[in-house]
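In what follows, a single structure is set out as structure tokens and then discussed.
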Amino acid sequence: MPVDMNLFRGFVEQIRQLPAMAQPTDMPDPDRVRAAKAVFADKLDARLASHLDACVHCGVCAEACHYYVQSGDPRYTPIHKLEPLMRYWRREKGPFAWLQRLITRDISEQDLEDWQPLVYDSCTECGRCSFACPQGVDIASMVGVMRQALAKAGLIPAGLRAVEQEQGSRGTVFGVGGEQLMEAVEALRARGYEVPVDKEQAEVLVLSSTLDILLFTDALESTVKVMNHLGVDWSIHTCAFEGANFGMLSGYEEVQKAASERIIREAIGCGARVVIIPECGHAYPAMRWDAANEHGEPLPFDVMAISEFLGREVMAGRLKLKSGQRRPVTYHDPCKIGRHGGIFDEPRAVLEALGLEVREMPVHHEMNYCCGGGAGLFLIDSAKKNRDLGFDLKREQVEATGASSLVTACGSCRLNFLAGADRVHWDRGIESLVELVGEAIDGPGGAS
Amino acid sequence: MTVAELVDGPLWTVALTVFVAGVAWRLLVLIATGWKRDLSHPRSGSLGGAIRGVVGRFLPSQGMAGRLRLHLVAGYLFHLGLFALLFFAAPHVDFYRDRLFGFDWTPLPHWAFILAAEAAFLGLLMLWLNRVLNPVTRLISESGDHAASVLTFLVMLTGCLALARSHETLRLLHFFVVELFMIYFPFSRLMHSFTFLLSRAAQGAHYGRRGVRV
Amino acid sequence: MNAYGLLWGLLLALLSTAAQAQNDTPPQSGIWIPNPGADLWKAVRQRGQPEPSTTQVQGLDSNQLINVAGEKFRDWRRERFIRYAAYLLAGVPVVILLFHMLHGAMKLEPSGRKLLRFDLYDRVAHWLLATVFLFLAFTGLLLLFGRFVIVPWLGLDAFSPIASASKEGHNLFGPLFLVALLWVFLRFVARNLPAWRDIVWLLKGGGAFGGKHPSAGFFNGGEKLWFWSLAVFGLLLSLSGLLLDFPSYAPSRELLVLALVVHGAAAVILVAFSFGHIYMGTAGVEGTLEGMRDGTVDANWARQHHDQWYAEMVREGRLEALSEAQENRAETTTGQLEEGRT
Ligand code: HEM
């Protein structure tokens, strides 16, 4: 079902109010620099060091960046976004630091401020640049480090910071907590769905997200429907249902870790074998890749994106879908799930099973262009221009396929597509993978 | 000691020492920075990823070739040309036999040597012009990048000026610039001729274990 | 751009004197004094009815001890060509300097609005050609004038390696010139197709005569003259140069001599012309270099020097489009982003 655009516009309006809610993060300038450097020191290992060391300033990364491609502004050159980190490495940790110190300028507070718009407003950490780099420099990972440093230096952009602070202090996102989840659950129950909440033991712990509770309610409904349809022993937990991790997006590690730990605790508590991440791009790497490292030991359960889970069920023949009318669609790989997660085949298998004709965009899979609004950009007011640039490029990509609809598996991507479509009155459908699946199975029904 | 003796003798020893020790030191520091162990469940092997990373990055990624025509053409002309010159030009092969390794291998015929030189010059000029004319590279380039380009160019230029092999002065000039180049090498971006392996392998391994082909 | 007119005139004048000088016949001597070695020399120089001579050396004209035509060419080269080349190459900068002192640079009042003039490939191609050309000009002129300038100054011992280096460098860079020339030709030819207004432009000397700035499209008459001279002489230069690079493949000695003449003449013409071009591109006309460096030119520069192109750009809305893109850039500078940061 299409999203209610009035609801969507209201949501966007709310986001615009966010900066006013952010708490100030004042600190003396030298502290900011010190804090940033401490992060650099901690994060630089041989992997990142070899990347920093191998860059020859060839500029290829710029040609991969949707913001540079669209604007021609050289400051969007991905490797340029890492300059403070690069300088730190050379002066303070690199092989000839004693020599470099004579010729390389130290990082100043002003540098950190100047780089804030470069690592937040104009980078979605989509990682296309990393994959274009002839030296294999993983730029996106290091933009993540830059964000972590700026976060410690108190320089997260206000909109993003407001949500990070909320999640850090109250554990809610946009005011959505356990109570609001229960309201949504009750609404589903009222329509005949069986929704297991806070079960003591469950094979599968299903997460949701604020977006799915406030805006993309069909995604939550479809997830419930599928789980029940497959007869999975699952549960959703009121104290650990939020997949979105604004600690990760903003770069604030303590909040990221706290958010992940809640989920880990619950999952272990109920003996879950699998944790399922909703259609929320960054929630996937937060749990799938980062969480174990923050936790300090391998996790005793698997983490799967819902698109991955659905794909596996389809491929294993367990999930049968009613195929509807055969129409051409294109699949947008969310960067954090595709390029950073390795999930490409599963969602496509689902689309095939739905009887849809999947048409690939001019660049796809590993080199798919970002939606333009990921990595928290949607919450950064000053990034609006860039989000639009990103959408315009993506729009060309989608239109080149001739598909009437675009399917994706990330709420954040969906937000930016919807915003762009609303702006230019775009005629293509913007659909969610899990919602399509929900429509292709019978329900509401209890566990069979 | 005459200039000739200096350039042929002690300076060469210094250059060689700085080069070898500097390169080793730089790689050592890189590796000694330590690898962070990744505790997440791998989806796939990192070794295969690393190999794919090292090999795969020789080709432009999907959809990039169009935007990278200049980089590709100039980059390959230069690097292949230089590689051929460095290791297969007859005077160099003689040099390796007499001064370094004590054995030799089949050098390129003269025409191929000249062709390689043409390619290398064309490529390097185009790469450097791109560096100064493209707003992107103009923004991100530093004095060290230009120094590396200019020094490489001078090595090649003095080499080709000495092509007649009839003037000791010209040979010495070439050799002297080579020594400067070798001394500068470990401190500069020229090191990418070694570190590209590390970097590509690191990226390939990182994404390989996530089941993504770089 | 009226210097082009002046330069061209000067060039033609110098060339015609050079041609005339060549037709002068040497003075005749009066009394016939037979020389005892005369017969031998006659035979060596293969005058009259040459005896067929043989040698085991394989190669072009290797059975000839002295090539009389070659001797003549050598005299012509030393006595005439090098002299007039020197006049021309010294004269042109003097003319340019005088012109500059009298006329001054053509000023530009920047409007702050930019137009895209040359894309990255245009610029790389141009500077590749320019670098290679200047290197060849430098080494070529060293070879041409070295005997008269370097030798008296630094001595033979110093000139010997310089000459060897120049020759090797010149030979090696030669083929690159052809590559760069073809690249520039392909990229620029469409913008250099001659039009009637270019003739008018040239007749008015680019504005030197007839007051107002004559009309011009993307390139003006002077630039097109430079382009086509470069295309024609550059091709002659390259082809003759390639022949000289591989003398053993030449079909005849005469052709090699001809190649030398063509190579020298075309080179000197182009080098002289390039002085004018470089002047116009730098000190002569404010705002021109920017186009080849950054790719963009000021809108006022375009209006002043390339009115028709300017009009076309305005019609196509390119002026607005680029300004908007520039505004985009301005708005994402750190200063402006301050607001969103709070
Ligand atoms: C190093 C000094 C040089 C400078 C500063 C210079 C500058 C310029 C500039 C600014 C333009 C653009 C003019 C315009 O916007 O209308 C231009 C065009 C051009 N230049 Fe140069 N140039 C130099 C050397 C050369 C050399 C050595 C060559 C050739 C051997 C050359 C060949 C050309 C050609 C073919 C054009 C295009 C003109 C046309 O197609 O009509 N330039 N140059």
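In square nanometres and to one decimal, what's the mean projected area of the convex hull around the Cα atoms of region A:251-364?
8.3
Using the Stokes-Einstein relation with a Kirkwood hydrodynamic radius computed over Cα pairs, the translational diffusion coefficient of chain A at 25 °C and a viscosity of 0.890 mPa s comes to 110 µm²/s. The relative contact order of region B:24-144 comes to 24 percent, based on Cα pairs under 8 Å that sit 6 or more residues apart.
Three principal axis extents describe the C-alpha atoms of region A:29-158; from largest down they are 36, 36, 23 Å. Sorting A:37-46, C:221-230 by their mean Cβ neighbour count within 10 Å, with the most densely packed peptide first, gives C:221-230, A:37-46. Take the alpha carbon gyration tensor of region A:381-439, find the square roots of its eigenvalues, order them as a ≥ b ≥ c, and report rounded if a/c is under 1.5; if not, report prolate when a/b exceeds b/c, else oblate. Oblate is the answer for region A:381-439, as a/c is 1.5 or above yet b/c matches or exceeds a/b. Shown for chain A: cysteine residues without a partner Cβ closer than 4.7 Å, namely A:Cys55, A:Cys58, A:Cys65, A:Cys123, A:Cys133, A:Cys239, A:Cys270, A:Cys280. Shape class of region A:186-280 from the Cα gyration tensor (axes a ≥ b ≥ c, square roots of the eigenvalues): oblate, since a/c reaches 1.5 or more and a/b does not exceed b/c.
Computed over protein heavy atoms with a 1.4 Å probe, the accessible surface of region A:29-155 works out to 25 Å² per residue. Under a 5 Å amide H cut-off, with hydrogens placed 1.01 Å from N, A:Gly281 pairs with A:Gly411, A:Ser412, A:Cys413 among residues at least 5 apart or on other chains. With contacts taken as Cα pairs under 8 Å and at least 6 residues apart, region A:29-155 reaches a relative contact order of 39 percent. When you restrict to C-alpha pairs under 8 Å that are six or more residues apart and normalise by the size of chain A, the relative contact order lands at 18 percent.
Think of a 1.4 Å ball rolled over the protein heavy atoms: region A:173-312 then has 33 Å² of accessible area per residue.
With a 10 Å cut-off around each Cβ of B:71-83, the average count of Cβ atoms from other chains is 1.
Rounded to the nearest whole angstrom, the semi-axes of the ellipsoid equivalent to chain B, taken from the Cα gyration tensor as √(5λ), stand at 35, 22, 18, largest first.
Surface burial for B against A, with a 1.4 Å probe and both sides summed, reaches about 5200 Å² of accessible area. Rounded to the nearest 10 degrees, the inclination of helix B:69-88 to the longest alpha-carbon principal axis of chain B is 50 degrees. Placing C:Arg191, C:Arg253 in order of accessible area, with the largest value first and a 1.4 Å probe, yields C:Arg253, C:Arg191.
Of all complete DSSP H helices in chain A, those with a Cα span along the helix axis of 15 Å or greater and a mean Kyte-Doolittle hydropathy of -1.0 or more are A:5-21, A:29-43, A:139-152, A:158-169, A:178-190, A:217-230, A:253-269, A:411-424. Straight Cα distances below 16 angstrom link A:Lys43 to the lysines A:Lys93, A:Lys152, A:Lys257, B:Lys36, with same-chain residues fewer than 8 positions distant left out.
Computed on the Cα trace of region A:320-439, the radius of gyration divided by the Kirkwood hydrodynamic radius gives Rg/Rh = 0.95.
The lysine pair tally for region A:320-439, using Cα distances under 25 Å and a gap of 8 or more places or different chains, is 5. Within 10 Å of the Cβ of each residue in C:258-270, the mean number of Cβ atoms contributed by other protein chains is 0.
Based on the convex hull around the alpha carbon atoms, the protein assembly as shown presents an average projected area of 52.4 nm². Annotation note: trypsin sites (Lys or Arg not before Pro) in region A:118-180 located in DSSP loop regions with a Cβ neighbour count of at most 13 within 10 Å are A:Arg170.
Per-residue shielding of C:123-131, expressed as the average number of other chain Cβ atoms within 10 Å of the residue Cβ, stands at 4.
Seen from all directions on average, region A:33-94 presents a Cα convex hull projection of 4.7 nm².
The values are calculated or read from the model by the stated rules, or taken from the named source; none is laboratory data. Remember, it's a predicted structure, so these values are computed and weren't measured experimentally. So basically every Cβ, Gly included, is an ideal-geometry build from the backbone, and we count neighbours across all protein chains shown. To get the accessible areas, we keep the full protein, side chains included, count just its heavy atoms, and leave off ligands, DNA and RNA. Shrake-Rupley method; radii C 1.70, N 1.55, O 1.52, S 1.80 Å.
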